[in-house]
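Reading through the structure tokens given below for one structure.
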Amino acid sequence: MIVHKLLPLIALGLNLLLLGSALAPDRRSQRNLRFAYLATALAVWNLGVFGLRATADPETALIWQRVLHVGVIPIPVLFYHYVLAFLDLPRRRPELIVGYVLCGVFLAAWPTPAFLHGVTESTWGFMPAAGPLYAPFFVYFQSYLALGLVRLVRAYGSQSSSFKRNRTLLVITGVEVSLLGGIVDIARFMLRWDWLYPIGIPSNAVFALALGVAIVRYRLMDVGVLAKRIVLYLLTSAALAPILFLGLWGLDQVALGRPSASMPADGVGTLTRDAVILLLVFTVALPLLRKLEGGLERLMFRRRHGVRDALVKLIKELGSLLEITALARTLAEGLVTRVPVLSAGLYRYDAAASRFTRLARATSDSADAPATSPVLDKALALWLGMTGRTLIVEETSFRGGAYTKMRAVVAQLEAERVALVVPLFMEGEVTAVLVVGEKLSGEIFDTDEIELLEMLAGETVIALKNAGLYQDLQSRMEELQRTQESLVESAKLAAVGELAASVAHEINTPLMVILGNSNLLLRQLPSNSPASAKVSIIEMEAHRAGKIVRDLLNFARKREPKREQLSAHDVLDRAIDLLGPKLALAHVEVERVFDLSLPAIAGDRDQLTQVFLNLITNAMDAMETGGRVVLQTGIHQGDDGRTMVSVSVSDTGHGIPPEHRARIFEPFYTTKSEGRGTGLGLSVSLGILQMHGGSIEVDSKVGHGTTMRVTVPVW
Ligand SMILES: Nc1ncnc2c1ncn2[C@@H]1O[C@H](COP(=O)(O)OP(=O)(O)OP(=O)(O)O)[C@@H](O)[C@H]1O
Ligand SMILES: [Mg+2]
């Protein structure tokens, strides 16, 4: 029967395809290499069977039997070796060495009658006439397949990644079918069960098919799109083959009127004719083949199309987003809900600080979704920067010392069920990473999808750039607005200052006259006259008006400080002396924490005294029921490297609420009742300190107190 004869050829084709897909992408990968050896052995086996089934001559049949066994003998140990490589298990195992030794022994015995001493004929063609060594060979054959199977099943149980599990499951299924086929085949001729169909070859085809699906859907090996198409095509043909063969069998029966139950010992000539008929049937069945291929393609790539569409849509959406957090969130949530994946996150990388910061992360509602955010290490950024490509977590294995850090990173990512880390480059540097979790479907991201994700990352970079520019523009606009406002403010202030100065100047003359005359009157009047008391009041109020005028003039015309060598402690003592009676009245204690090694400062004695008077007065005003003022001095190293003297004035008052803090240095800003404060104290003090090359800082806690820290340059 032609079905029976051509089956090995199909299996051979599939094996060769597997061999090609193992060697094409990466010839140095241990995993691929082991796989290639196994596929080669399987191919030799199938070739032998094909030859065996094509001949009618027992002599030739024996030769083919021998050829076939060259392939069969190493299969178990090669398979076991591949399983170890596939599961990344250590490969120096005693059982593996024993396996190779046994394989060597059987290969050595292979040409002798102890292994095979001829062929016998059966319904399904020639069968080997087994020698005494064949039974132990059978045990070796099955044990190593079973051993590999056990390892696979165990790994399946412990794998957390769903697509790894799916992939392992496919390999397990393939192996199980193969194992069954092997058992049946060998049992057949050892027990001489002639009636049983030799299912070894079809089961080998199933094994190849299972691996083929694992390649296409679960990246058993990374093959290109073209290779995937070929696998797909062959899978289609294989799926179609039984139908075609059935048709052919019908043709055999009806048209040619040949008996089909028995196996005619026809030669290669008939075979060629059958093949021509087969070709014709293929042509007739082409539409059917197309349909089937379409169905298979949908089955294998359907979800992919969905993913692709989702990604393309997302790429389009990102362009219109101008706010970084909204953009990051849309991206993460879009990936999680539309692809869908277990988790997705966008992380910014700061190369200077070697640190990742999260912009957004989303996780799926699925129970499998990882609860914690992956820990990203700078080794990851270095690797991405160096290779310039996406990190495919399950594919990445690192050899050598330089990658030890990456190994830990990848293990971590695996534990978090991350599938991909896509780098985002700006001017050749990694600026962010897109961390994509495994697909909910348990499938892999194929090359096309990874390319789309990389495009998405590129788009995100542009969007991030735009968002950055937009933010920059916005903050510049705000700054401009602030500058404008402060310009208006200072123009207003300048006007107020000028007005104040001219008014003060104008008022000063009549004030002097009032003071001079009230003084004269006081001296002329008897001290006990009632008029004298009234004139005293006039003189006192004139003095007060004079102080306000002086303050205004001070504020309006900023006088250059007359710098001299001063001791900050002397200036502070002077201010406390001046305030002495007031402090006592307000129940305020003063504590001095002076640094005795303090260097001299360069400043204007009167102006600095005024600064400290203002600060201590404010402190006093803030403690209505009394309290403590601490004056502390010390040395302070400025940002520019200059040595400064710092003086802090701390109180235990009511503190400054945050909403006031920004305004306290504004002129005329006061929270005090009318007549108690003009709001000039701090603005005048700030002006003085700026002219000295110093500064003033506030630190305040509502309900606890305030510290004003002044710095002045040293002499
Ligand atoms: N130590 C402090 N504790 C609490 N609030 C303070 C303190 N120092 C300043 N302030 C707040 O800052 C405001 C501005 O202070 P500033 O010294 O400039 O003006 P003023 O004290 O109100 O009036 P002036 O000093 O002109 O008599 C005050 O009204 C007060 O609200
Ligand atoms: Mg004040």
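Among 571, 549, which is the only one that is over 26 Å from residue 626 (Cα atoms), open to solvent by less than 30 Å² (accessible area, probe 1.4 Å) and either in a helix (DSSP H, G or I) or of a type in the set (Ser, Thr, Tyr) (or both)? If you could, list the steps in order and put the result at the bottom.
Details: 571 fails: over 26 Å from residue 626 (Cα atoms).
Going through 571, 549 in turn, the sole match is 549.
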Quiz item: Here is a list of conditions, (1) within 48 Å of the chain's Cα centre (by Cα); (2) in contact (Cβ under 8 Å) with a residue 60 or more places away in the chain; (3) under 26 Å from residue 12 (Cβ atoms), and residue 128 meets all of them except one; can you say which number that is?
Solution: (1)
Quiz item: How many residues, within segment 636-651, are surrounded by fewer than 17 Cβ atoms within 10 Å (Cβ to Cβ) and either without any contact (Cβ under 8 Å) to a residue 12 or more places away in the chain or touching a helix residue (DSSP H, G or I) at 6+ places or on another chain (Cβ under 8 Å) (or both)?
Solution: 4
Practice problem: Please state which of the following conditions residue 657 fails to meet, knowing it meets all the rest: (1) open to solvent by less than 40 Å² (accessible area, probe 1.4 Å); (2) farther than 23 Å from residue 604 by Cβ; (3) more than 48 Å from the chain's Cα centre (by Cα). | Solution: (3)
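Regarding segment 572-584, can at least one residue be identified that is in contact with an Asp or Glu (Cβ under 9 Å, 6 or more places away or on another chain), within 13 Å of ligand 1 (Cβ to nearest atom) and over 30 Å from residue 495 (Cβ atoms)?
Of the residues in segment 572-584, the ones in contact with an Asp or Glu (Cβ under 9 Å, 6 or more places away or on another chain) are 583.
Checking which are within 13 Å of ligand 1 (Cβ to nearest atom) leaves us with none.
No, segment 572-584 has no match at all.
Could you tell me whether any residue of segment 502-510 is of a type in the set (A, V, I, L, M) and either under 34 Å from the mean Cα position of the chain (by Cα) or open to solvent by 80 Å² or more (accessible area, probe 1.4 Å) (or both)?
Pass one, segment 502-510, residues of a type in the set (A, V, I, L, M): 503-504, 507.
If we keep only those that are either under 34 Å from the mean Cα position of the chain (by Cα) or open to solvent by 80 Å² or more (accessible area, probe 1.4 Å) (or both) as well, we get none.
No: segment 502-510 contains no residue that is of a type in the set (A, V, I, L, M) and either under 34 Å from the mean Cα position of the chain (by Cα) or open to solvent by 80 Å² or more (accessible area, probe 1.4 Å) (or both).
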Quiz item: Before we move on, is residue 699 within 12 Å of ligand 1 (Cβ to nearest atom), open to solvent by less than 60 Å² (accessible area, probe 1.4 Å) and among the acidic types (Asp, Glu)?
Solution: no
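Confirm whether residue 123 is more than 46 Å from the chain's Cα centre (by Cα), of a type in the set (S, T, N, Q) and open to solvent by 40 Å² or more (accessible area, probe 1.4 Å).
On the way: more than 46 Å from the chain's Cα centre (by Cα): yes; of a type in the set (S, T, N, Q): yes; open to solvent by 40 Å² or more (accessible area, probe 1.4 Å): yes.
Criteria met by residue 123.
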Practice problem: Among the residues of segment 420-444, write down those that are touching a Gly at 6+ places or on another chain (Cβ under 6 Å) and open to solvent by 10 Å² or more (accessible area, probe 1.4 Å). | Solution: 430
Quiz item: Residues in segment 310-326 that are in contact with a strand residue (DSSP E or B) (Cβ under 8 Å, 6 or more places away or on another chain) and among the aliphatic types (A, V, I, L, M): how many?
Solution: 1
Quiz item: With respect to the numbered conditions (1) closer than 30 Å to residue 630 by Cα; (2) modelled with pLDDT of 80 or more, which one is the sole condition not fulfilled by residue 532?
Solution: (1)
Quiz prompt | Residue list for segment 322-366, filter: open to solvent by 30 Å² or more (accessible area, probe 1.4 Å), in a strand (DSSP E or B) and polar (S, T, N, Q) | solution = 357, 363
Quiz prompt | First in segment 67-84 and under 8 Å from residue 41 (Cα atoms), second anywhere and outside any helix (DSSP H, G or I), Cβ under 8 Å, 6 or more apart | solution = 70/110
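Yes or no, residue by residue, for (1) at positive phi; (2) buried (at least 19 other Cβ atoms within 10 Å of the Cβ):
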| residue | (1), (2) |
| --- | --- |
| 653 | no, yes |
| 664 | no, yes |
| 671 | no, no |
| 674 | no, no |
| 682 | no, yes |
| 705 | yes, yes |
| 711 | no, yes |
Practice problem: Just one of (1) under 47 Å from the mean Cα position of the chain (by Cα); (2) within 11 Å of ligand 1 (Cβ to nearest atom); (3) open to solvent by less than 20 Å² (accessible area, probe 1.4 Å) trips up residue 619, so point out which. | Solution: (1)
Quiz item: Out of the residues in segment 383-399 that are in a helix (DSSP H, G or I) and modelled with pLDDT of 85 or more, which is surrounded by the most Cβ atoms within 10 Å (Cβ to Cβ)?
Solution: 383
Quiz item: For residues in segment 622-635 being out of contact with any helix residue (DSSP H, G or I) (no Cβ under 8 Å at 6 or more places or on another chain) and hydrophobic (A, V, I, L, M, F, W, C), which is nearest to ligand 1 (Cβ to nearest atom)?
Solution: 622
Quiz item: So is residue 62 open to solvent by 10 Å² or more (accessible area, probe 1.4 Å), among the hydrophobic types (A, V, I, L, M, F, W, C) and more than 16 Å from residue 137 (Cα to Cα) or not?
Solution: yes
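Can you tell me which residue within segment 651-677, out of those that are of a type in the set (D, E, K, R) and near ligand 1 (Cβ under 6 Å from one of its atoms), is farthest from residue 630 (Cα to Cα)? Quick ask: steps written out before the conclusion?
Step one: list which residues in segment 651-677 are of a type in the set (D, E, K, R), which gives 651, 659, 661, 663, 666, 672, 674, 676.
Those still in the list that are near ligand 1 (Cβ under 6 Å from one of its atoms) too: 651, 672.
Working: 651: 7, 672: 23 Å.
By that ranking, first place goes to 672.
Among strands (runs of 3 or more DSSP E) lying entirely in segment 598-704, which contain 3 or more residues that are in contact with an Asp or Glu (Cβ under 6 Å, 6 or more places away or on another chain) and either of a type outside the set (Asp, Glu) or within 15 Å of ligand 2 (Cβ to nearest atom) (or both)?
Values: elements: 601-603, 627-637, 643-650, 695-701.
Counting at least 3 such residues, we get 627-637.
The values are calculated or read from the model by the stated rules, or taken from the named source; none is laboratory data. Values in this document were obtained by computation on a predicted structure and should not be read as measured data. Reconstructed Cβ throughout: ideal geometry from the backbone, glycine too, with neighbour counts over all protein chains shown. Side chains are part of the model used for accessible areas, which takes the heavy atoms of the whole protein and leaves out ligands, DNA and RNA. Shrake-Rupley method; radii C 1.70, N 1.55, O 1.52, S 1.80 Å.
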